[in-house]
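The next block holds one structure in the form of structure tokens; read it before the comments.
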Amino acid sequence: MSVEWTVERAAAVLLEAEAARADRGPITDEWPALDLETAYRVQDARLRLKLADGRRVTGVKLGLTSRPKQQRMGIDSPLTAWLTDDMPLPPGAPLITGDLIHPRVEPEIVFVLGRRLTGPGITAATALQAVSQVTAGLEVIDSRYTDFRFTLPDVVADNASSARYLIGDLWRDPHTLDLAAEQCHLKINGKTVDTATGAAVQGHPAEALALAANTLSRRGLSLEPGWTILTGGLTDAIPTTPGDTIEATFTNLGTVTLPCH
Ligand code: 0L1
Ligand code: MG
């Protein structure tokens, strides 16, 4: 007998897959009626389960913000997801790849908010006014779906494949930098494998921040002071191999280094 899908069941199934490091097929294969609005309810239900387990919200991430990544994943829309305090990697600590299913890493421009940002109607200029600091980061994504195969509602429900993130230690004033022109070199074991500028993220990372504020406002939510915002992968995400060191070097935002064990 097949069990009926609900928001709560989908949230629990995805959290179980994460905890067990067991990938699975897309939920929409079994629950084709899962639409985008319901998927965000699953994402929020998944967050409630984490909070009930003692976790704390640290911020918000944007996913699928760059056109090349959207094209590769076959999804033409950016999305938002929750960051919680079980995700940050301590500086210098390795990524234990065996703790995850099939982790991939992507370089990001990271904001910290100085004040609340509430949509709708937020523009990139207003959004940037709310940012107190900017730095470099690496996001580790780890879809709970086999082979990263999913539809937009699937990946929204799965909290945008979020797993871990590493933040740099060179904090800059965002108002003194041209973040669209900020350049990033993504390296594996010292060899550059990809390059991009901040313009890869919706034209400017502040556009991504505005998008997050406006998207969250549809659920009556704001971006809060002190939150970390991962504005989206600048390049495509690269698979991790134990023994590799992944490094993102930015023009003005410093370097973040992640050894993979
Ligand atoms: O941070 C991201 O852009 C990931 C969004 C989800 C898509 C993926 O798993 O690649
Ligand atoms: Mg990302």
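The values are calculated or read from the model by the stated rules, or taken from the named source; none is laboratory data. Everything numeric here is computed off the predicted structure, so don't read it as measured data. Because the Cβ atoms are built from the backbone with ideal geometry, glycine has one as well, and the counts that use them run over all protein chains shown. With ligands, DNA and RNA removed, areas are computed over all heavy atoms of the protein, side chains included. Shrake-Rupley method; radii C 1.70, N 1.55, O 1.52, S 1.80 Å.
Taking 8 Å as the Cα distance limit and 6 or more residues as the minimum spacing, I'd like the relative contact order of the range 22-135 as a percentage.
Details: 80 pairs, mean separation 20.4, N = 114.
Averaging sequence separation for qualifying contacts and normalising by length gives 18 percent for the range 22-135.
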Fill in the blank from the handout: Computed over the Cα atoms of the chain, the Rg and Dmax in Å are 17.3, 61
Handout entry: Residues Lys191 and Leu221, FRET efficiency given R0 of 30 Å [Cβ-Cβ distance, rounded to 0.05]
Key = 0.15
Practice task
State the answer as a single residue: which of Leu223, Ala157, Gln43 lies farthest towards the positive end of the charge dipole of the chain, with beta carbon charges of +1 for Lys and Arg and -1 for Asp and Glu, about the Cα centre.
Solution key: Leu223
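For the range 1-83, build the convex hull from the C-alpha positions and give me its volume per residue in Å³.
Numbers: hull volume 10.1 nm³, N = 83.
Spelled out: Cα convex hull of the range 1-83, divided by residues, is 122 Å³.
Please work out how much length the chain gains when fully extended from Ala52 to Asp173, using 0.36 nm per residue of separation minus the C-alpha to C-alpha distance, in nm with one decimal.
Numbers: separation 121, 0.36 × 121 = 43.56 nm, distance 3.53 nm.
Here the answer is 40.0 nm.
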Practice task
Kindly provide the Kirkwood hydrodynamic radius of the range 112-219 in Å, to one decimal, from all pairs of distinct alpha carbon atoms.
Solution key: 15.8
Completion exercise
Taking only the alpha-carbon positions of the range 51-110 as identical scatterers, the Debye log10 I(q)/I(0) at q = 0.22, 0.29 Å⁻¹ comes out as -1.15, -1.24
Practice task
Compare the peptides 150-158, 167-175 by average per-residue count of other Cβ atoms within 10 angstrom and give them in order, highest first.
Solution key: 150-158, 167-175
Practice task
Using θ = phi - 60° and the Karplus relation 6.51 cos²θ - 1.76 cosθ + 1.60, list the HN-Hα couplings for the range 173-180 in order, rounded to whole Hz, with x at every Gly or Pro.
Solution key: 7, x, 7, 9, 10, 9, 6, 5
Completion exercise
The answer for the chain, accessible area per residue at 1.4 Å probe in Å², is 41
Completion exercise
Excluding ligands, DNA and RNA, the carbon-plus-sulfur percentage of the accessible area of the chain with a 1.4 Å probe reads 51
Practice task
Only Lys, Arg, Asp and Glu count, each charged at its Cβ (+1, +1, -1, -1), so figure out the dipole size of the range 175-261 about its Cα centre, rounded to 20 debye.
Solution key: 180
Practice task
Considering Cα pairs under 8 angstrom that are at least six residues apart, work out the relative contact order of the range 1-58 and quote it in whole percent.
Solution key: 45
Fill in the blank from the handout: Descending packing, highest mean Cβ count within 10 Å first, for 236-242, 135-141, 107-113, 15-21 is 107-113, 135-141, 236-242, 15-21
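Run through the DSSP bridge list for the chain and note the antiparallel percent, rounded to the nearest 5. Before the final figure, lay out each step's value.
Numbers: 45 of 51 bridges.
Taking every DSSP beta bridge with both residues in the chain, the antiparallel ones total about 90 percent.
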Handout entry: Inter-site label distance for Thr245 and Asp147 at 7 Å from Cα along Cβ, in nm
Key = 3.5
Fill in the blank from the handout: Magnitude of the Cβ-charge dipole (Lys and Arg +1, Asp and Glu -1) of the chain about the Cα centre, nearest 20 debye, reported as 360
Exercise for the section: Averaging sequence separations of C-alpha pairs under 8 Å and six or more residues apart, then dividing by the length of the range 84-183, give the relative contact order as a whole percent. Expected result: 34
Practice task
First measure r as the distance between the Cβ atoms of Gln133 and Asp86, then evaluate 1/(1 + (r/R0)^6) with R0 = 30 Å and state the FRET efficiency to the nearest 0.05.
Solution key: 0.85
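Can you give the net charge of the other residues whose Cβ lies under 13 Å from the Cβ of Phe111, counting K and R as +1 and D and E as -1?
Details: positive: Lys61, Arg115, Arg172; negative: Glu108, Asp173, Glu182, Glu207, Glu224.
Value of the local net charge: -2.
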Exercise for the section: Write down the radius of gyration of the range 23-169 and its Dmax, each obtained from C-alpha positions, in Å. Expected result: 15.7, 44
